[in-house]
Amino acid sequence: DSEDDGDPLGEAFQQRVRERRLIATAELPDNERAEIELLVGIMPSRIAEAVRAQGLAGIIEVVLDLGRIPTARYGSGDVALSDIEVTEQELTQVVAQVSEFGEDNRAGIPRTLHRISAIRNRRGHIVGLTCRIGRSVSGSGRIMRDLIESGKSILLLGRPGVGKTTMLRDVARMLADD
């Protein structure tokens, strides 16, 4: 019984908080920070400021769903960015700053690898946005080169944020350079 009187939040929670603090204070190269800022900069100021306060290192995406609290996804887990729900005006502000959404409900920021996915209601109105950080890692596709050149099919599986799209972008770059 006396063990239950300890930290009410639990050691696992405390460990995640410590890990988040380490990630938030991690240094990013200036070029990577500037690239991420191109996506963060299109968000409503209260959300952009919260993302910066949490830290840009390790961020995967920011989720803005109408009537829900904004959330940032990091490799170490999700972080609530505010206790105030996302408004229709905030979604409209972000949508106005990206390229036109295609039939697949995806858009981008010109001259970046960032992509924004929209969720629409039955009337076609956007009710949610997932703003994913686009990254380019040169050399990450090298391990697939032999398979690709053999003409065989490849299936990439993995959780969000592990680098599937990054690897495919590098493969496309390698093939275009040849």
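The values are calculated or read from the model by the stated rules, or taken from the named source; none is laboratory data. Just so we're clear, the structure is a prediction, and the values are computed from it rather than from any experiment. We place every Cβ from the backbone using ideal geometry, glycine too, and count neighbours over all the protein chains shown. Each accessible area value is taken on the protein alone, full model and side chains, heavy atoms only, with ligands, DNA and RNA left out. Shrake-Rupley method; radii C 1.70, N 1.55, O 1.52, S 1.80 Å.
Some points to look at:
- Checked against the criterion of being touching a helix residue (DSSP H, G or I) at 6+ places or on another chain (Cβ under 7 Å) and β-branched (Val, Ile, Thr), the candidates 94, 62 yield just one match: 62.
- Any chance residue 145 is more than 28 Å from residue 33 (Cα to Cα), open to solvent by 50 Å² or more (accessible area, probe 1.4 Å) and either polar (S, T, N, Q) or part of a loop (DSSP other than H, G, I, E, B) (or both): no
- For region 155-178, filtering for residues that are over 19 Å from the mean Cα position of the chain (by Cα) and either of a type in the set (Phe, Trp, Tyr) or open to solvent by 70 Å² or more (accessible area, probe 1.4 Å) (or both) leaves 6.
- Of the helices (runs of 4 or more DSSP H) lying entirely inside region 28-134, those containing at least 2 residues that are surrounded by fewer than 19 Cβ atoms within 10 Å (Cβ to Cβ), among the basic types (Lys, Arg) and at negative phi span 45-54.
- You will find that of 73, 111, 115, the residue that is without any contact (Cβ under 8 Å) to a residue 12 or more places away in the chain, within 22 Å of residue 33 (Cβ to Cβ) and not aliphatic (A, V, I, L, M) is 111 and no other.
- Qualifying residue in region 126-142 (condition: at pLDDT 95 or above and among the small types (Gly, Ala, Ser)): yes
- The listed residue being closer than 27 Å to residue 51 by Cα and either touching a helix residue (DSSP H, G or I) at 6+ places or on another chain (Cβ under 6 Å) or at pLDDT 95 or above (or both), out of 100, 88: 88
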